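The values are calculated or read from the model by the stated rules, or taken from the named source; none is laboratory data. Given the structure is predicted, the values throughout are model-derived calculations rather than measurements. With ideal geometry, Cβ positions are generated from the backbone for all residues, glycine too; neighbour counts draw on all protein chains shown. For accessibility, only protein heavy atoms count, side chains too; no ligands or nucleic acids. Shrake-Rupley method; radii C 1.70, N 1.55, O 1.52, S 1.80 Å.
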Amino acid sequence: MRRPSGIVQILRQFPLLAFAVLILFPFVMIFFAAFKTDAAVYMAPYNAPHPWSLAAFRTLFHGGQMFLYFRNSTIVTSSAIVLSIVLGSMMAYGLYRMGRFWGNLLWAVVSFGIMVPTQVNMVSLYIEFDKLNLLNSLFGLVIVDCTFLLPVTVFIVGGYLKTLPYGLLEAAQIDGASEWMLFLRIVTPLSGAAIATVAIFSLVMSWNDLLYPLLFIQSKGLQTLPLALLHFQGQYLTNYPALFAGVLISAIPIVILYVIFQRFFMEGLTAGSIKG
Amino acid sequence: MGKRLSILTFVLPGFLLYGIFFLVPTVSSLALSMTNWGATSKHIVFVGLKNFIEMIGSDTIFRSAVVDSLEFSITVVVFQTALALAFALLLVRNTRLNIMYRSIYFFPTIIASVSVAFIWQYMFDPTVGWVNHFLNIIGLSNLTQNWLGGQHIAIFSLAFIQFWMHTGQVMLLYIVGLQAIPRDLYEVGEIEGAGPWQRFRHITWPLLAPSAIIAVVYTTIQSFKVFDLVIATTNGGPGDATEVFPVYIYQEAFTNYQYGYAEAGAVLFLIMMILVTVIQFLIIGRRDVSV
């Protein structure tokens with residue numbers, strides 16, 4: 001294709017720039033608001049903070065609250081990611097190595113989990129959790145997050161396995177390698193890219209999830225960041241500085257990773273967009 | 001025999017988890033939807049299709065939830081799939097500037113819906129929000145209003161937030177599809193004397209059909225199940241003006257404690273999602289053939 005001429009280039013930049021401003025401007029505004037005093041938000045709502053105030057952050061960290069929520073989110077997300085990747089890639093490999101009939105049947109059963117939205121199950125899951133005594137525990141959150149992430153993991157890793165040359169496994173098998181050796185020595189190292197994709201998808205989904213903590217967590221000390229934010233809203237009502245200080249703090253790890261690994265984020269969330 | 005068994009050990013742990021925490025609740029949703037189970041009922045009684053008949057036949061909140069969900073989804077699908085395609089076409093080349101634009105557009109997708117909800121609550125705020133302020137600046141003061149508090153406008157404000165958050169993601173779905181189209185097709189087209197519009201019409205559009213199907217179906221499903229955004233901004237209000245279907249199910253279960261009735265809603269929700277997907281595949285699939 002030919003390069004578009006100069007005037008076309010300029011016309012093309014206009015909508016692109018406008019949308020970029022539409023995306024970035026609100027972030028700049030909440031960044032400003034987080035560093036204002038509560039009064040300044042109402043007296044000078046459209047200006048940059050003057051002077052920059054850390055009052056909102058002090059409110060949030062008072063008594064170590066924010067550290068606690070941060071810790072809870074980290075525990076749940078990291079455990080769910082590790083567990084779902086280990087179980088999911090094992091499952092993907094198992095389905096791949098199973099006979100055609102059972103492999104395809106189970107594959108279909110797992111695909112069903114990608115189609116069903118989490119809200120369809122929320123009531124019965126709540127009741128099941130109540131019966132199993134899993135309500136109000138971080139362990140329970142890890143379990144549901146992992147279950148939610150599992151079908152996508154199997155789907156993405158399994159899809160990748162199908163592109164691997166089968167001869168590779170056969171050769172190793174003739175040399176006497178067991179299924180576990182095949183999985184650990186050949187399949188796992190080769191599926192690094194697929195696993196990275198899944199890890200990023202899982203990170204975003206689990207870190208940002210509100211539904212399960214909202215359903216399952218009652219005690220304040222076990223809240224994850226999104227749930228804590230929702231409660232700030234009630235607690236501080238329209239104390240925008242505190243709210244946005246919370247938004248900034250909870251977004252920090254994911255934004256830092258995004259800046260470093262943009263490509264993986266885009267691949268992960270696009271590949272996972274069948275769920276999500 | 002030993003091989004079979006060792007393969008089973010790979011599948012079993014994950015499948016147990018999936019079975020207990022996905023398959024069991026899904027099946028029990030179906031079963032419970034036909035009971036009267038709730039906080040006020042002493043015994044769980046099988047009531048057949050009563051919940052469904054009552055919900056569809058006479059529940060006005062249910063009807064308004066369906067209407068709200070449709071308004072929200074249709075608005076989002078129209079804007080999000082159309083503008084995402086436009087941006088994808090503009091940004092399909094892997095230049096440095098284009099990659100930067102893509103990263104910016106995609107950025108809101110990684111932020112928690114709760115946070116996005118608060119960001120826009122602030123922007124839409126009638127007294128300190130930028131949206132009204134901006135309208136005043138450009139001389140459109142008569143358009144200023146209470147964006148999230150207005151009975152009629154609130155659902156469209158929510159649709160805008162959803163659009164703002166996810167257009168970049170859908171754009172990427174299109175870009176993946178566009179980049180898979182072989183370059184030489186365009187060169188041949190150009191040699192044959194096809195203009196830009198003709199190239200789009202006869203090369204890009206037909207070959208993009210699979211991505212377009214995924215983009216439309218994905219956007220529809222994603223907008224139908226919007227939940228966090230609504231809970232964190234309007235909580236279904238004002239009145240029940242933004243009480244979309246998933247929020248309706250949640251309220252029936254956890255505010256009104258009508259578990260059986262809420263499960264009937266969940267089953268209807270699932271049926272609706274499956275219907276929407278099938279219909280879209282049929283419509284888009286048929287057009288694909290005629291191109």
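List of remarks:
- A:Ile260 being farther than 23 Å from A:Phe129 by Cβ, open to solvent by 20 Å² or more (accessible area, probe 1.4 Å) and at pLDDT 90 or above: yes
- Hits in region B:253-283 (condition: of a type in the set (Val, Ile, Thr) and either more than 10 Å from every other protein chain (Cβ to nearest Cβ) or under 29 Å from B:Ile44 (Cβ atoms) (or both)): B:Thr255, B:Val267, B:Ile271, B:Ile274, B:Val276, B:Val278, B:Ile279, B:Ile283
- Selection count, region B:115-135, where residues are of a type outside the set (A, V, I, L, M, F, W, C) and in a helix (DSSP H, G or I): 5
- Tabulated pairs, region A:200-224, first on the phi > 0 side of the Ramachandran plot, second modelled with pLDDT under 95 and part of a helix (DSSP H, G or I), C-beta under 8 angstrom, 6+ apart or interchain: none
- Single residue of region B:114-144 satisfying the filter (among the hydroxyl-bearing types (Ser, Thr, Tyr) and open to solvent by less than 30 Å² (accessible area, probe 1.4 Å)) that is nearest to A:Ser250 (Cα to Cα): B:Ser115
- Residues that are in a helix (DSSP H, G or I), of a type in the set (S, T, N, Q) and more than 14 Å from every other protein chain (Cβ to nearest Cβ) within region B:1-60 comprise B:Ser58, B:Thr60, listed in sequence order.
- Taking residues in region A:99-116 that are touching a residue at least 40 places away in the same chain (Cβ under 8 Å) and at the interface with chain B (Cβ under 9 Å from one of its Cβ atoms), and partners anywhere that are of a type outside the set (A, V, I, L, M, F, W, C) and surrounded by 17 or more Cβ atoms within 10 Å (Cβ to Cβ), the pairs with Cβ atoms closer than 6 Å and at least 6 places apart or on different chains are A:Val110/A:Pro151.
Rundown of residues vs (1) among the hydrophobic types (A, V, I, L, M, F, W, C); (2) modelled with pLDDT of 95 or more, yes/no style:
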position: B:Leu5; (1), (2): yes, no
position: B:Leu16; (1), (2): yes, yes
position: B:Ala82; (1), (2): yes, yes
position: B:Leu89; (1), (2): yes, no
position: B:Val92; (1), (2): yes, no
position: B:Ser103; (1), (2): no, yes
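- Top-ranked residue of region B:181-210 - restricted to ones that are in a helix (DSSP H, G or I) and among the acidic types (Asp, Glu), ranked as nearest to B:Leu270 (Cα to Cα): B:Asp184
- Checking B:Leu158 against (1) outside any loop (DSSP other than H, G, I, E, B); (2) in contact with a Pro (Cβ under 8 Å, 6 or more places away or on another chain); (3) more than 7 Å from chain A (Cβ to nearest Cβ), the condition it does not meet: (2)
- Residue match in region B:211-225 (condition: outside any helix (DSSP H, G or I), at pLDDT 85 or above, facing chain A (nearest Cβ under 10 Å) and closer than 26 Å to A:Thr118 by Cβ): yes
- Some residue of region A:147-159 being surrounded by fewer than 24 Cβ atoms within 10 Å (Cβ to Cβ), at pLDDT below 90 and out of contact with any Asp or Glu (no Cβ under 7 Å at 6 or more places or on another chain): yes
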